[in-house]
1. Below 13 angstrom from the Cβ of D93, what's the summed charge of the other residues (Lys, Arg +1; Asp, Glu -1)?
2. Compute the FRET efficiency between A64 and S13 as 1/(1 + (r/R0)^6), taking r as their Cβ-Cβ distance and R0 = 35 Å, and round to the nearest 0.05.
3. Which peptide among 15-28, 97-110 comes first, and what is the full order, when sorted by highest mean count of other Cβ atoms within 10 Å?
4. Counting heavy atoms of the protein chains only and a 1.4 Å probe, report the per residue accessible area for segment 1-91 as a whole number of Å².
5. Count charges around D60 for me, please; just the other residues with Cβ under 13 Å from its Cβ, Lys/Arg as +1, Asp/Glu as -1.
6. I want to verify the translational diffusion coefficient of the chain in µm²/s; compute it with Stokes-Einstein, Rh as the Kirkwood radius over Cα pairs, at 4 °C and 1.567 mPa s.
7. Working out 0.36 nm times the residue gap between M86 and R49, then minus their Cα-Cα distance, what length gain in nm do you get to one decimal?
8. State the percentage of accessible surface on the chain attributable to carbon and sulfur atoms; use a 1.4 Å probe and exclude ligands, DNA and RNA.
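The values are calculated or read from the model by the stated rules, or taken from the named source; none is laboratory data. Computed from a predicted structure; not experimentally measured. Note: ideal-geometry Cβ built from the backbone for every residue, glycine included; neighbour counts use all protein chains shown. Ligands, DNA and RNA are stripped out before the accessible areas are found, and what is left, the full protein with its side chains, is counted by its heavy atoms. Shrake-Rupley method; radii C 1.70, N 1.55, O 1.52, S 1.80 Å.
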Amino acid sequence: MPADSPNRSDVASRLRRVLSSVELDCRCRTKLDEALDRFSALESRHQLRNGLREARHRRDWIAAQLSFLAEIDEITDRESDPTVFMEMALLFDEIASQAVEAARLLRDTAASSTDGVNKKPS
């Protein structure tokens, strides 16, 4: 999930908090609570799918970059252009950065999977 997007489970929690203060008869309250439960479960599943999709995208990007790393075999100790080493270092840095972000996404996805993903919307 991008850093600038709101956390969907926070949105569901805030919505539930605001609506819980509304005076409703028992039947309406029950229906509202059921609807909020379904909304929370659907949003959790949506967040789970998005996290997995983004992690897979980063994995594919990393796989595509691996072919460029093969060029390191062409570099010898006689290389006179220091920018070659810097470019390789930057490639390793970027792959590491993408891997760290993919790991964060998967951890967030794992955490969100406990927030209602196993609930089936009615």
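1. Working: positive: none; negative: E87, E94, E101.
Result for the neighbourhood of D93: -3.
2. Values: r = 38 Å, r/R0 = 1.10.
Approximately 0.35, to the nearest 0.05.
3. Working: 15-28: 10.0, 97-110: 14.6.
In decreasing order of mean packing, 15-28, 97-110 become 97-110, 15-28.
4. Details: 6850 Å² over 91 residues.
So segment 1-91 comes to 75 Å² accessible per residue, rounded to a whole number.
5. On the way: positive: R53, R56, R58, R59; negative: E54.
Taking every Cβ under 13 Å from that of D60, the sum is +3.
6. Details: Rh = 17.8 Å.
Once the numbers are plugged in, D ends up at 73 µm²/s.
7. Details: separation 37, 0.36 × 37 = 13.32 nm, distance 3.65 nm.
Gain on stretching M86 to R49: 9.7 nm.
8. On the way: 5040 of 8920 Å².
Carbon-and-sulfur percentage of accessible area, whole number: 56.
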